[in-house]
Amino acid sequence: MGLRLAVLGPVRAARADVPVSLGPARQQAVFVALALRAGRVVGREQLLDGVWGERPPPTGVKVLPSYVYGLRKRLDPPGTRPEESVIRGEAGGYRLAERQLILDSEELELHAREARNTASPVDALARLDRALALVHGDPLAGLPGPFADAERARLRLRIQSIRVQRLECLLGTGQFAEVLDQLTGLAADPCDEQLAALRVRALHGAGRRAEALHAFEEIRGRLRDELGVDPGTELRRAHEAVLRQRAARETPASVTAPPVKARPINT
């Protein structure tokens, strides 16, 4: 039976839907470091640095066998020999030999890729909803060490990117109010131009043109004051679309003069 590992929140493992405890946080961090490099040898020094960082234990790499032993006890059937274990000792390090490792982060990528490849915004939205349903908290929550920190930062950005992809789909299906609602609850950099452009487009689509123009001026001022830059292409295009519609509405329609009646000619 394959081992399922969830990293899009607190780390959880299960085999055949039966939860598998990976032990204390540091031991979980050792397993995750091996799992995210499944099939490859992770050097002992690399593992020590990735899990303990600048505060390694006094015993150095000698601490690793006790953590590996703890994981083997939890993951291997009773009586499994070390050379048959799910965690194999190799020259200079360890390798996760799980043949059927299922990672929720890989499933997330699969759903996002399928969403990009579908022509239907409705179908894409359904796939993105399935992707985001896998997220159950802050990635690798509570796991210590530089490796977990770096992977957590990467996964946060990826999840944010998929949420933005979902907002694009909502715009494509005319769900402007939901886009605005989602943007309100989306924690992000106040100078994030991509999200600002989505807000301008959603307000414009909802017929709230004055608010769309105000939103643009607000982000433009923030970019200039805090970063010393002007809005980028995507944000400018969203703004120009609002201006074009306003100009079209304000241009007076051409007036056709009534025909002049021919005056009779006296003969």
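The values are calculated or read from the model by the stated rules, or taken from the named source; none is laboratory data. Bear in mind the structure is a predicted one, so any value in this text is a computation, not a measurement. Here Cβ is always computed from backbone atoms with ideal geometry, including for glycine, and neighbour counts include all displayed protein chains.
Of note:
- Hits in region 161-189 (condition: touching a helix residue (DSSP H, G or I) at 6+ places or on another chain (Cβ under 6 Å) and not in a helix (DSSP H, G or I)): Thr173, Ala188
- Any hit, region 250-262, residues being part of a loop (DSSP other than H, G, I, E, B) and at pLDDT 95 or above: no
- Taken together, Leu48, Leu101, Leu71 contain a single residue that is closer than 23 Å to Pro10 by Cα and touching a residue at least 60 places away in the same chain (Cβ under 8 Å), which is Leu101.
- Pairs, first closer than 17 Å to Leu8 by Cβ in region 112-133, second modelled with pLDDT of 95 or more and loosely packed, with under 12 Cβ neighbours inside 10 Å, C-beta under 8 Å, six or more apart: none
- Some residue of region 81-102 being in a strand (DSSP E or B), within 18 Å of Ala16 (Cα to Cα) and in contact with a helix residue (DSSP H, G or I) (Cβ under 9 Å, 6 or more places away or on another chain): yes
- A single member of Val68, Val63 is in a helix (DSSP H, G or I), in contact with a strand residue (DSSP E or B) (Cβ under 6 Å, 6 or more places away or on another chain) and at negative phi, and it is Val68.
- Top-ranked residue in region 51-68 [being closer than 19 Å to Gly89 by Cβ and in contact (Cβ under 8 Å) with a residue 40 or more places away in the chain; ranked as surrounded by the fewest Cβ atoms within 10 Å (Cβ to Cβ)]: Tyr67
- Only residues that are more than 25 Å from the chain's Cα centre (by Cα) and either in contact (Cβ under 8 Å) with a residue 12 or more places away in the chain or buried (at least 18 other Cβ atoms within 10 Å of the Cβ) (or both) were counted across region 18-35, and they come to 6.
- Single residue of region 3-17 satisfying the filter (out of contact with any helix residue (DSSP H, G or I) (no Cβ under 6 Å at 6 or more places or on another chain) and assigned to a loop (DSSP other than H, G, I, E, B)) that is surrounded by the fewest Cβ atoms within 10 Å (Cβ to Cβ): Asp17
- All of Ala148, Ala124, Ala141 fail the test of being buried (at least 16 other Cβ atoms within 10 Å of the Cβ), among the small types (Gly, Ala, Ser) and within 30 Å of Glu54 (Cα to Cα), apart from Ala148.
- Checked against (1) of a type outside the set (A, V, I, L, M, F, W, C); (2) farther than 27 Å from Ala14 by Cβ; (3) surrounded by 16 or more Cβ atoms within 10 Å (Cβ to Cβ); (4) touching a strand residue (DSSP E or B) at 6+ places or on another chain (Cβ under 8 Å), Gln182 passes all but condition (4).
- Matching entry among Arg237, Arg224, Arg158 (being modelled with pLDDT of 90 or more, charged (D, E, K, R), in a helix (DSSP H, G or I) and surrounded by 15 or more Cβ atoms within 10 Å (Cβ to Cβ)): Arg158
- Unique residue being of a type outside the set (D, E, K, R), at negative phi and either crowded, with 16+ Cβ neighbours inside 10 Å or within 16 Å of the chain's Cα centre (by Cα) (or both) when the list is Ala177, Ala133: Ala133
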